[in-house]
Amino acid sequence: MSVEGAGLIRGFIETGRNLVGSYVDPRRWVTVQYPEERRATPENSRVYPFLVYDGADPEEGLRCVSCKICEKECPPQCIYIVPAQDERGRPRKHPAIFDIDISVCMSCQICVEVCPFDSIKMDQAYAWDREDRFGGLLLHKADLARPNRYYRELHPAEARVVDEHLARERELRESGVRAAVRASLPGSGEPGGGT
Amino acid sequence: MLRRLVHCALCWTLSMAGVAGLYILAGAEFLGLAQLIVYVGAVAILIVFAILLTQRRELLSIERLTAGSWVTGVAVAGLVAGCLWIGLAYTRGLGGAGGASGGPALETRELGELLMGRYVVAFEVAGLVLTVALIGAVILALPFEQPREASGRRADRPAAGEGWDARRQGGQGA
Amino acid sequence: MNMEGILALTGWGGLRWVGPVELFERGPVWLRDWAVGWLPEGAKVWAEGLIPAVAVLAVFGLLFGLATVAERKLLGRIQNRPGPNRVGPYGWLQFAADGVKMLTKEDVVPRSADRVLHFLAPIVMLAPVALSLAVIPYGRDLVAADPRCGLLFFFAVGSAAEVAAFMAGWSSRNKYSLLGAMRAIAQMISYELPLVLSALTVVMMAGSLSLVEIVEAQSGYWWGVIPRWHVMTPWGLAGLLLFMAAAAAASNRAPFDLPEGESEIIGGFMTEYSGFKYAIFFMGEYFGMFAVSGLAVTLFLGGWQAPLAVLEAAPSYGWFFLKLGVMIAWFIWVRGTLPRLRVDHLLNFGWKYLLPLGALNLLVAMVWRGLGGWAFPGAGAVRWLACLAMIGLPAILWGRLLMRSRGWGPRVYRYAS
Amino acid sequence: MIDRGGSRRDECEAGGEDAGRLEVSMGPQHPSTHGVFRMDVVLEGETVVRLKPVFGYLHRNHEKIAEQTTYLGSMPYTDRLDYFCSLTSNWAYALAVEKLAGLAVPERAEYLRVITAELTRLQNHACQMGFMLQDLGAMGTPMMYAFREREKILDLFESLTGSRMMCNYMRFGGCRADAPAGWIEAARGVVGDFPRFLDEYEALLATNEIVMARTQGVGVLPRDLAINASASGPVLRASGVGYDIRKTDRYGVYDRFDFRVPVGDHGDCYDRFMLRLLEMRESVKILEAALEQIPAGPVIDGKVKLRNFKPRAGEAYGRIEGPKGEIGFYLISDGSASPYRYRVRPPSLINLTALEEMCLGQKVADVVVILGSIDIVLGEVDR
């Protein structure tokens, strides 16, 4: 049988313990002082998509072949792609326009999962404050292009799998057995996901 | 002129505070402060509370001020002023009893002793009357039946056997 | 404080050597006398009133600023976060930034509001509270005004806060404001009684309404160690607890902050206030908290008296403000811990619990005085415990009865098979 | 809202204008409505005599969007139904599609689903209690404690799924990604620490006299009404019905864990509050067992296509015991890439239907507590 008022006193003890504990017990301390302190994002963390390019040229090295699968699968329809054309007006396997409206994007990663060419990946940069709320959040091809090196830094484990997979594919393509590659591709579009 | 009842009540409060100030200036510190507590702290609040609880709009503002009411007002004010003037003029020794210059008109202790000694019967009778009034007010304010929330809930709440659907159909049928 | 160091001006013209203890203790008074001395005769009487008033307002104005920061920091710590830490060293200048923000904010008045009352309400709220700070003795001879009925003065001017709450709530033309005003008035009236009743106990024992005399009645030590503060007696202890509960309600502090209960009625009577008017309300609220805390310190915690004879070297106002700080910290702690009461619980608590116990405490104080004649060995302890039992047991049993009669209590839960 | 007969309402409306009534619109900018939600409350003094919930401010056309988009494309939208418990919504939707398409889920994925769902339950219940105490006026302290623990669980979610709230983790036939290295150990640590938080919460609140006075006997939902209003989750169990889909459906691998279902007897806010506390203790037991038993293996059925996923024509209803109650998805497929009909059974909305019944006769201050005790998320109510 408890005495009336004991519950209140227990509460006071608990908050008092937290008051003192916040100085000594790091487990009670979960906030970080944001602009000075930044918590490292875990490898799986995702914010908005970016486009991977190989080599040094962010324009020519883009892996994107403008197949428009991501544009089609994107649930909020925030991707806009126009394929490039060569001088004779035939479509090239390269995007002329690749826009992502990140004010619409909901960071669901489905574009990454469905991309058969490993050309679109998730970025971890989250500070997207812009003065212009319309144009500033509409990212164009040049804003989106990131070197493969960047991808490897962000998602090392995933990138290793992707790089191996791409190397194998290139090997097979060079030896002319392209069809075999397609068959060996897993059903899941995303080769990553750790081990 | 003030047409809003609330403004009138607040002005009344202000004048009561002024009276308290007069008492204090006259050296009756205790009386002045008691006046402040009783009239500003309690009676004025009672009045404004009553106004808050009054829902009838027409009571809350005085719509028409006729010439007659002006005349009456001025007449009443003149009457009061005249009475005060006569009273003041024929009272001698207001300053002699104490006043701002002299010592306290009445020490708090003396006041207490008077109330508890010489005037104890009057004091207690007044207290009794007020208590009776208080109890009477409580009895008047008590609802005769169960409070609405209790009875209302019980009436509409389905009994153990009765269910949501039964009540719903009943409600629609009615 | 005098800049001459140890060689100090003691009053007008009198230069003499004084020790640091005396310098700090008497410094403020000398400073006042020195400043008054410059003035012509006619102005002296005004200056003697004005200088302390300005000093009190300045000190409490600063304290208000610091208390808002301290409150946020302490609440933050209770909630495992740092609280304000950006403006100034460790965030202690946050109040300045807040002040600038408040001052530069747009002053929004609802179109259908009663503009005059809406404007007057914050002033009516702040002025009496500031007045009530005048009668509290902050140190030896440090009191702005010492009327014979100091305590009565305190409660008398405090009653204007109810009018202010009504004015604010009614003039805003907002339903939440109206609800808040009704709550505020009901609450302030209900809690004035237990507040006065617990203070009355002290008045009865000290035999004076003057706060200076009440503090002086608490000087000295039992056996040279235990200060003769009222809180060291059973009735004083109970009185302090009752007083603090009622004071929290009277100053609208948690857990009795219903008049502005932001989760229920947005901001109560302050809903429609913004900018500087809001800041003044806020200030009035904090000043009210300081005033009742200062009164609690004066009535029960020995005012400016030092807790030990050896500590009397420290300036008396230092002790007062230390105790005031403890009181404020307590209020903040309560705010960080307890949920809010409901309006009917609040009234029940005031009328059915605090008021009877306050009356009982008056009786206990009388018994305490009556038992003062006991002279057998251990009489002190027996007297102490008897009186404590007289107030403590009814408090617990009555509380239990009130809780149980409504079926409130811990529950045991079953599990589905 | 459900029409519950005329008598009291007619009586209220017949009261006329000077019956001392005050009509207050609580919301949609009210601080305690947990989102954009409005209650038109009629007060007599401070007593509620009528209450009309008004919602739809956050309606985003979820169900119709889902009928336009692919099955997979709806998955991230389910995150945004109940943004506190995206993983359970994910699971319920995945379960519905798996039933529709006849897919099996690998065992490791089932365990991951149980683990994430129970972690979701922990953080949801903790925060719900914090919000409710906030509504009681507890100045944010319990809420901050809840958020402190929630942060740890959200960190786990982030390293597992990539996002803290909008997890988008479940896929048809499994889970999107396996747990990264060290995740299970980290989860074990968080779960191991959790009872400490529960003890703290219990000490702070469970026997607090003010909490008891404010919540006991307030907002009573009688057993019959709870059943007839189709309430579910803690709201139903607090009214004395020991119904838990984890026990009745035994979906996933819940039959492998030993846990109990706490039941309340009074159906008031305090019961709803305490049941969540007790449920969290049971969830900790489930989590400890699941983290112990989790087998190795794939986390997704590799044969399931991501693109051009077209289940055969038919209909299916998948439901799970979400933290707020039964969250279910009803799908009709016509064999195309998007569902012909897509319907969510949101526990928040259905528990909310009994709100007026719980609030009548209570004080206006109780309304926000009762609303808090139901535990709604407007994203799910309005969809």
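Can you name the residue in region A:40-52 that is farther than 22 Å from A:Val114 by Cα and at the interface with chain D (Cβ under 9 Å from one of its Cβ atoms) and is also least open to solvent (accessible area, probe 1.4 Å) among such residues?
Taking region A:40-52 and keeping what is farther than 22 Å from A:Val114 by Cα, we get A:40-42.
Applying the additional criterion that residues be at the interface with chain D (Cβ under 9 Å from one of its Cβ atoms) yields A:41-42.
Numbers: A:Thr41: 50, A:Pro42: 31 Å².
Only one residue tops the list, namely A:Pro42.
May I ask you to verify whether D:Thr207 is more than 9 Å from every other protein chain (Cβ to nearest Cβ) and either open to solvent by 10 Å² or more (accessible area, probe 1.4 Å) or among the β-branched types (Val, Ile, Thr) (or both)?
Values: more than 9 Å from every other protein chain (Cβ to nearest Cβ): no; either open to solvent by 10 Å² or more (accessible area, probe 1.4 Å) or among the β-branched types (Val, Ile, Thr) (or both): yes.
No.
I need every pair where a residue in region C:102-115 that is more than 18 Å from C:Ala168 (Cα to Cα) has its Cβ under 7 Å from the Cβ of a residue that is open to solvent by 80 Å² or more (accessible area, probe 1.4 Å) and of a type outside the set (S, T, N, Q), sequence separation at least 6 or different chains.
Here the result reads C:Met102/C:Phe276; C:Leu103/C:Phe276, each pair linking region C:102-115 to a residue that is open to solvent by 80 Å² or more (accessible area, probe 1.4 Å) and of a type outside the set (S, T, N, Q).
May I ask you to list the residues in region D:23-39 that are under 12 Å from D:Pro53 (Cβ atoms), in contact with a helix residue (DSSP H, G or I) (Cβ under 9 Å, 6 or more places away or on another chain) and outside any loop (DSSP other than H, G, I, E, B)?
D:Ser25, D:Met26, D:Met39 - these are the residues of region D:23-39 that are under 12 Å from D:Pro53 (Cβ atoms), in contact with a helix residue (DSSP H, G or I) (Cβ under 9 Å, 6 or more places away or on another chain) and outside any loop (DSSP other than H, G, I, E, B).
Looking only at region D:110-138, how many residues end up being of a type in the set (Val, Ile, Thr) and either farther than 20 Å from D:Leu278 by Cβ or surrounded by fewer than 24 Cβ atoms within 10 Å (Cβ to Cβ) (or both)?
Our first condition is that a residue be of a type in the set (Val, Ile, Thr); within region D:110-138, this holds for D:114-116, D:120.
Filter again for either farther than 20 Å from D:Leu278 by Cβ or surrounded by fewer than 24 Cβ atoms within 10 Å (Cβ to Cβ) (or both), leaving D:115-116.
Summing the residues that are of a type in the set (Val, Ile, Thr) and either farther than 20 Å from D:Leu278 by Cβ or surrounded by fewer than 24 Cβ atoms within 10 Å (Cβ to Cβ) (or both) in region D:110-138 gives 2.
Among what's in region D:305-326 and is of a type in the set (A, V, I, L, M) and either open to solvent by 20 Å² or more (accessible area, probe 1.4 Å) or in contact with an Asp or Glu (Cβ under 7 Å, 6 or more places away or on another chain) (or both), pick the residue that is nearest to D:Thr78 (Cα to Cα).
From region D:305-326, those of a type in the set (A, V, I, L, M) are D:306, D:313, D:316, D:320; that's our starting set.
Still in the list and also either open to solvent by 20 Å² or more (accessible area, probe 1.4 Å) or in contact with an Asp or Glu (Cβ under 7 Å, 6 or more places away or on another chain) (or both): D:306, D:313.
Details: D:Leu306: 17, D:Ala313: 22 Å.
Going through the qualifying residues, I end up with D:Leu306.
Can you pull out the residues in region D:157-180 that are closer than 13 Å to A:Cys108 by Cα and either open to solvent by less than 10 Å² (accessible area, probe 1.4 Å) or touching a Gly at 6+ places or on another chain (Cβ under 9 Å) (or both)?
Selection gives D:Thr161, D:Gly162, D:Cys167, D:Asn168, D:Tyr169, D:Met170, D:Arg171, D:Arg176.
Can you pull out the strands (runs of 3 or more DSSP E) entirely within region A:1-117 that have at least 1 residues that are within 22 Å of A:Val161 (Cα to Cα)? Don't jump to the end; show me each part of the working.
On the way: elements: A:49-53, A:79-85, A:91-101.
Per the criteria, A:49-53.
Kindly state which helices (runs of 4 or more DSSP H) lie completely within region A:131-176 and contain at least 2 residues that are open to solvent by 100 Å² or more (accessible area, probe 1.4 Å). Give the derivation first.
Numbers: elements: A:141-144, A:148-154, A:156-174.
Correct list: A:148-154, A:156-174.
Pick out the one residue from D:Glu326, D:Glu315, D:Glu321 that is in contact with a Pro (Cβ under 6 Å, 6 or more places away or on another chain), more than 14 Å from chain B (Cβ to nearest Cβ) and either at pLDDT below 85 or not in a helix (DSSP H, G or I) (or both).
Details: D:Glu315 fails: in contact with a Pro (Cβ under 6 Å, 6 or more places away or on another chain); D:Glu321 fails: in contact with a Pro (Cβ under 6 Å, 6 or more places away or on another chain).
Matching residue, one of D:Glu326, D:Glu315, D:Glu321: D:Glu326.
List the pairs whose first member sits in region C:316-339 and is under 17 Å from A:Gly7 (Cα atoms), whose second member is among the aromatic types (Phe, Trp, Tyr), and whose Cβ atoms are under 9 Å apart, counting only residues at least 6 apart or on separate chains?
Here the result reads C:Trp333/A:Phe12; C:Val334/A:Phe12; C:Thr337/A:Phe12; C:Leu338/A:Phe12, each pair linking region C:316-339 to a residue that is among the aromatic types (Phe, Trp, Tyr).
Looking at region D:40-130, what helices (runs of 4 or more DSSP H) fall wholly within it and have at least 1 residues that are touching a residue at least 40 places away in the same chain (Cβ under 8 Å) and more than 30 Å from A:Ile69 (Cβ to Cβ)?
On the way: elements: D:62-68, D:71-79, D:86-101.
In region D:40-130, no matching helices (runs of 4 or more DSSP H) lie anywhere.
Out of all the residues in region D:338-349, which are surrounded by fewer than 21 Cβ atoms within 10 Å (Cβ to Cβ) and assigned to a helix (DSSP H, G or I)? Steps first, please.
Filtering region D:338-349 down to residues surrounded by fewer than 21 Cβ atoms within 10 Å (Cβ to Cβ) leaves D:338, D:340-341, D:343, D:345, D:349.
Hit for region D:338-349 is D:Leu349, nothing else.
Within region D:252-274, which residues are in contact (Cβ under 8 Å) with a residue 60 or more places away in the chain and under 24 Å from D:Asn208 (Cα atoms)? Spell out the reasoning first.
Initially, region D:252-274 is screened for residues in contact (Cβ under 8 Å) with a residue 60 or more places away in the chain, giving D:252-254, D:257, D:269, D:272-274.
Answer for region D:252-274, where residues must be in contact (Cβ under 8 Å) with a residue 60 or more places away in the chain and under 24 Å from D:Asn208 (Cα atoms): D:Cys269, D:Arg272, D:Phe273, D:Met274.
Inside region B:22-40, can you point out the residues that are open to solvent by less than 60 Å² (accessible area, probe 1.4 Å) and more than 11 Å from every other protein chain (Cβ to nearest Cβ)?
Within region B:22-40, just B:Ala26 meets the criteria.
In this structure, does D:Glu63 turn out to be open to solvent by 10 Å² or more (accessible area, probe 1.4 Å) and closer than 17 Å to D:Ala290 by Cβ?
Values: open to solvent by 10 Å² or more (accessible area, probe 1.4 Å): yes; closer than 17 Å to D:Ala290 by Cβ: no.
For D:Glu63, the condition - open to solvent by 10 Å² or more (accessible area, probe 1.4 Å) and closer than 17 Å to D:Ala290 by Cβ - is not met.
Using the structure shown, decide if D:Leu154 is away from chain C (no Cβ under 14 Å) and crowded, with 24+ Cβ neighbours inside 10 Å.
Values: away from chain C (no Cβ under 14 Å): yes; crowded, with 24+ Cβ neighbours inside 10 Å: no.
For D:Leu154, the condition - away from chain C (no Cβ under 14 Å) and crowded, with 24+ Cβ neighbours inside 10 Å - is not met.
Count, please, the residues in region D:211-229 that happen to be open to solvent by 20 Å² or more (accessible area, probe 1.4 Å) and aliphatic (A, V, I, L, M).
The qualifying residues number 2.
Just the residues that are more than 7 Å from every other protein chain (Cβ to nearest Cβ) and either crowded, with 17+ Cβ neighbours inside 10 Å or modelled with pLDDT under 80 (or both), please, taken from region B:11-21. Please lay out each step first, then the result.
Within region B:11-21, the subset more than 7 Å from every other protein chain (Cβ to nearest Cβ) is B:11-12, B:14-21.
Selection gives B:Met16, B:Ala17, B:Ala20.
Out of C:Ala238, C:Ala254, I need the residue that is open to solvent by less than 10 Å² (accessible area, probe 1.4 Å), touching a residue at least 40 places away in the same chain (Cβ under 8 Å), touching a Gly at 6+ places or on another chain (Cβ under 9 Å) and not polar (S, T, N, Q). Which one? I'd like the intermediate steps shown before the answer.
Working: C:Ala238 fails: open to solvent by less than 10 Å² (accessible area, probe 1.4 Å).
Just one listed residue meets the conditions, C:Ala254.
Please enumerate the residues belonging to region C:297-323 that are within 18 Å of C:Val59 (Cβ to Cβ), in a helix (DSSP H, G or I) and open to solvent by less than 30 Å² (accessible area, probe 1.4 Å). Explain how you work it out, then say what you get.
Here is the first cut: in region C:297-323, the residues within 18 Å of C:Val59 (Cβ to Cβ) are C:297-298, C:303-304, C:314-323.
If we keep only those that are in a helix (DSSP H, G or I) too, we end up with C:297-298, C:316-323.
Answer for region C:297-323, where residues must be within 18 Å of C:Val59 (Cβ to Cβ), in a helix (DSSP H, G or I) and open to solvent by less than 30 Å² (accessible area, probe 1.4 Å): C:Val297, C:Thr298, C:Ser316, C:Phe320, C:Lys323.
Could you please find all residues in region D:41-72 being more than 12 Å from every other protein chain (Cβ to nearest Cβ) and either in contact with a Phe, Trp or Tyr (Cβ under 6 Å, 6 or more places away or on another chain) or acidic (Asp, Glu) (or both)? Lay out the reasoning, then the answer.
Going residue by residue through region D:41-72, those that are more than 12 Å from every other protein chain (Cβ to nearest Cβ) are D:51-59, D:61, D:63-64, D:67.
Across region D:41-72, the qualifying residues are D:Phe55, D:Glu63, D:Glu67.
In the list C:Met167, C:Met204, C:Met244, which residue meets the criterion of being over 16 Å from the mean Cα position of the chain (by Cα) and closer than 13 Å to C:Gly358 by Cβ?
Numbers: C:Met167 fails: closer than 13 Å to C:Gly358 by Cβ; C:Met244 fails: over 16 Å from the mean Cα position of the chain (by Cα).
Of the residues listed, the single one that is over 16 Å from the mean Cα position of the chain (by Cα) and closer than 13 Å to C:Gly358 by Cβ is C:Met204.
Going by the conditions given, is D:Thr207 of a type in the set (Val, Ile, Thr) and touching a residue at least 40 places away in the same chain (Cβ under 8 Å)? Spell out how you get there, then give the answer.
Values: of a type in the set (Val, Ile, Thr): yes; touching a residue at least 40 places away in the same chain (Cβ under 8 Å): no.
No.
I want to confirm something. Restricting to region C:146-164 and keeping residues that are aliphatic (A, V, I, L, M) and facing chain B (nearest Cβ under 10 Å), which single residue is farthest from the chain's Cα centre (by Cα)?
Kept after step one, since they are aliphatic (A, V, I, L, M), are these residues of region C:146-164: C:151-152, C:156-157, C:160-161, C:163-164.
Still in the list and also facing chain B (nearest Cβ under 10 Å): C:151-152, C:156-157, C:160-161, C:163.
Numbers: C:Leu151: 13, C:Leu152: 15, C:Ala156: 15, C:Val157: 14, C:Ala160: 16, C:Ala161: 14, C:Val163: 20 Å.
In this case the residue turns out to be C:Val163.
Take the residues in region D:231-266 that are among the small types (Gly, Ala, Ser) and within 12 Å of chain C (Cβ to nearest Cβ); name whichever of them is most open to solvent (accessible area, probe 1.4 Å). Even if it seems obvious, please write down each step before you answer.
Filtering region D:231-266 down to residues among the small types (Gly, Ala, Ser) leaves D:231-233, D:238-240, D:242, D:252, D:264.
With the extra rule that they be within 12 Å of chain C (Cβ to nearest Cβ), the set shrinks to D:238, D:240, D:242, D:264.
Working: D:Ala238: 0, D:Gly240: 14, D:Gly242: 47, D:Gly264: 0 Å².
Only one residue tops the list, namely D:Gly242.
Looking at this structure, is D:Arg148 of a type in the set (Lys, Arg) and facing chain C (nearest Cβ under 10 Å)?
On the way: of a type in the set (Lys, Arg): yes; facing chain C (nearest Cβ under 10 Å): yes.
Yes; evaluated as a whole, the condition is true for this residue.
Among D:Val24, D:Val41, which is at pLDDT below 85, open to solvent by less than 40 Å² (accessible area, probe 1.4 Å) and not assigned by TED's automatic domain parsing to the domain that holds D:Leu133? Before you say what the answer is, go through the steps one by one.
Values: D:Val41 fails: at pLDDT below 85.
From the options D:Val24, D:Val41, the qualifying one is D:Val24.
The values are calculated or read from the model by the stated rules, or taken from the named source; none is laboratory data. Owing to the predicted nature of the structure, the values given are computational and were not obtained by experimental measurement. Note that each Cβ is placed from the backbone with ideal geometry, even for glycine, and that neighbours are counted across all protein chains shown. Accessible surface is based on the protein model in full, side chains and every heavy atom, while ligands, DNA and RNA are left aside. Shrake-Rupley method; radii C 1.70, N 1.55, O 1.52, S 1.80 Å.
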